[in-house]
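Student: Supplied in structure tokens, the structure appears directly below.
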């Protein structure tokens with residue numbers, strides 16, 4: 001695979017993960033130029049099996065695994081474990097998302113792999129952490145949302161708990177994974193030593209709520225933990241479509257009042273500060289919505305321009321051709337052997353000097369097995385024998 005130079009060019013990452021958070025964390029590292037080898041069991045990444053309207057592959061798998069090569073390997077057979085151990089000898093990073101007790105049973109735990117390669121950065125991602133009463137439970141995005149209070153905050157307005165859709169906790173964990181691995185690689189450049197990184201969805205669930213996860217000794221249990229910005233900032237109906245408006249500052253609020261034809265509201269004592277506006281939201285929101293009923297959401301968006309932070313509410317399909325998205329070059333067109341041509345995300349960070357490789361489609365199951373094993377020194381005869389025994393698929 002031809003790869004343009006990226007910040008992590010020359011780094012080899014072994015991705016033993018399934019589902020979303022681990023695999024996408026490795027994809028973010030591939031976006032930075034790392035060579036990521038996705039190692040799947042004979043059953044394949046479970047994300048491949050998720051329901052999808054696409055023929056032949058899961059939409060989430062495609063979006064989660066760009067830029068990788070794939071090896072199908074049975075680690076439960078001694079020959080398969082031997083293949084992985086050989087790969088570890090020259091790898092820089094290994095990422096897995098098994099429950100804490102599984103790596104040792106498979107023979108891929110950090111102490112064992114550190115003995116093979118002391119420079120290895122080993123990242124273990126779990127649901128709840130490496131220790132504690134819940135450590136062996138399976139953890140998933142929405143399960144941890146409900147455990148950690150996210151569902152309570154999301155459903156507060158409706159009066160019933162609700163999960164945040166879009167796997168936001170998984171994607172946030174992916175970003176923390178890439179951040180942690182990059183930092184560990186930087187440390188290794190100075191020290192010459194790899195290390196073990198422990199991430200969990202529980203840790204991420206509390207990290208993403210850092211603004212709420214503060215409890216002073218003087219406060220009771222029922223203290224208000226949200227930001228309390230009030231109902232003026234939020235989604236509002238118009239005469240066609242919905243509009244999100246953000247008016248946290250007095251400057252933005254004054255511009256809003258002027259542009260909706262209600263300049264006197266900016267001088268109203270009820271509107272003097274963000275807190276006073278929040279306190280009087282029950283009176284002010286109907287006045288705002290009455291004014292917004294004069295135009296469609298798209299017209300308000302254009303009228304507000306740069307003076308009032310806002311957005312007409314759109315479906316994600318509009319993003320593929322949105323002029324700002326195209327101007328930022330965020331969409332790639334890729335060719336997949338089963339799905340055909342599709343459009344998808346490009347890398348989330350733009351580097352001026354180390355742009356990294358152009359995105360490639362998510363691999364099919366075992367697509368690069370022969371190529372990867374050949375690079376590890378296996379002969380064609382040895383690869384054929386591994387296939388006959390079911391170690392490699």
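The values are calculated or read from the model by the stated rules, or taken from the named source; none is laboratory data. Remember, predicted model here, so these are calculated numbers, not experimental data. Note: ideal-geometry Cβ built from the backbone for every residue, glycine included; neighbour counts use all protein chains shown.
Student: Spot the failing condition for residue 126; the list is (1) within 30 Å of residue 282 (Cβ to Cβ); (2) in contact with a strand residue (DSSP E or B) (Cβ under 6 Å, 6 or more places away or on another chain), and only one is missed.
Tutor: Failed condition: (1).
Student: Going by the conditions given, is residue 54 outside any strand (DSSP E or B), modelled with pLDDT under 95 and surrounded by fewer than 24 Cβ atoms within 10 Å (Cβ to Cβ)?
Tutor: Taking the combined requirement at face value, the residue satisfies it.
Student: Just to check your reading of the model, which residue among 173, 233 is at pLDDT below 95 and either assigned by TED's automatic domain parsing to the domain that holds residue 142 or under 27 Å from residue 283 (Cβ atoms) (or both)?
Tutor: Only one candidate passes the filter, namely 233.
Student: Check segment 361-372 and report whether any residue there is touching a helix residue (DSSP H, G or I) at 6+ places or on another chain (Cβ under 9 Å), in the same structural domain as residue 44 (by TED's automatic domain parsing), free of Cβ contacts under 8 Å to residues at least 60 places away in the same chain and outside any loop (DSSP other than H, G, I, E, B).
Tutor: Looking for residues that are touching a helix residue (DSSP H, G or I) at 6+ places or on another chain (Cβ under 9 Å), in the same structural domain as residue 44 (by TED's automatic domain parsing), free of Cβ contacts under 8 Å to residues at least 60 places away in the same chain and outside any loop (DSSP other than H, G, I, E, B), one finds at least one in segment 361-372, hence yes.
Student: With the structure loaded, tell me whether residue 188 is surrounded by fewer than 19 Cβ atoms within 10 Å (Cβ to Cβ) and in contact with a strand residue (DSSP E or B) (Cβ under 9 Å, 6 or more places away or on another chain) or whether it fails that test. I'd like the intermediate steps shown before the answer.
Tutor: Details: surrounded by fewer than 19 Cβ atoms within 10 Å (Cβ to Cβ): yes; in contact with a strand residue (DSSP E or B) (Cβ under 9 Å, 6 or more places away or on another chain): yes.
Considered against the rule, which asks whether it is surrounded by fewer than 19 Cβ atoms within 10 Å (Cβ to Cβ) and in contact with a strand residue (DSSP E or B) (Cβ under 9 Å, 6 or more places away or on another chain), residue 188 comes out as yes.
Student: Mind telling me which of the residues 231, 282, 194 ends up being more than 29 Å from residue 349 (Cα to Cα) and touching a helix residue (DSSP H, G or I) at 6+ places or on another chain (Cβ under 7 Å)?
Tutor: Every option except 231 fails the conditions.
Student: Scan segment 216-228 and give yes if some residue there is part of a loop (DSSP other than H, G, I, E, B), more than 34 Å from the chain's Cα centre (by Cα) and within 23 Å of residue 298 (Cα to Cα), otherwise no.
Tutor: no
Student: Which of the residues belonging to segment 230-261 are assigned to a strand (DSSP E or B) and out of contact with any strand residue (DSSP E or B) (no Cβ under 6 Å at 6 or more places or on another chain)?
Tutor: 234, 237, listed by residue number.
Student: So which residues in segment 294-313 are surrounded by 13 or more Cβ atoms within 10 Å (Cβ to Cβ) and out of contact with any helix residue (DSSP H, G or I) (no Cβ under 9 Å at 6 or more places or on another chain)?
Tutor: 296, 297, 298, 299, 301
Student: Just the residues that are closer than 30 Å to residue 53 by Cα, surrounded by 14 or more Cβ atoms within 10 Å (Cβ to Cβ) and within 20 Å of the chain's Cα centre (by Cα), please, taken from segment 343-393.
Tutor: 344, 345, 346, 347, 357, 359, 360, 361, 362, 363
Matching residues to (1) in the same structural domain as residue 368 (by TED's automatic domain parsing); (2) crowded, with 24+ Cβ neighbours inside 10 Å; (3) at pLDDT 95 or above:
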| position | (1), (2), (3) |
| --- | --- |
| 1 | no, no, no |
| 5 | no, no, no |
| 18 | yes, no, yes |
| 21 | yes, yes, yes |
| 25 | yes, yes, yes |
| 29 | yes, yes, yes |
| 36 | yes, yes, yes |
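Student: Does residue 314 satisfy being at pLDDT 95 or above, out of contact with any strand residue (DSSP E or B) (no Cβ under 6 Å at 6 or more places or on another chain), part of a helix (DSSP H, G or I) and closer than 30 Å to residue 54 by Cα?
Tutor: no
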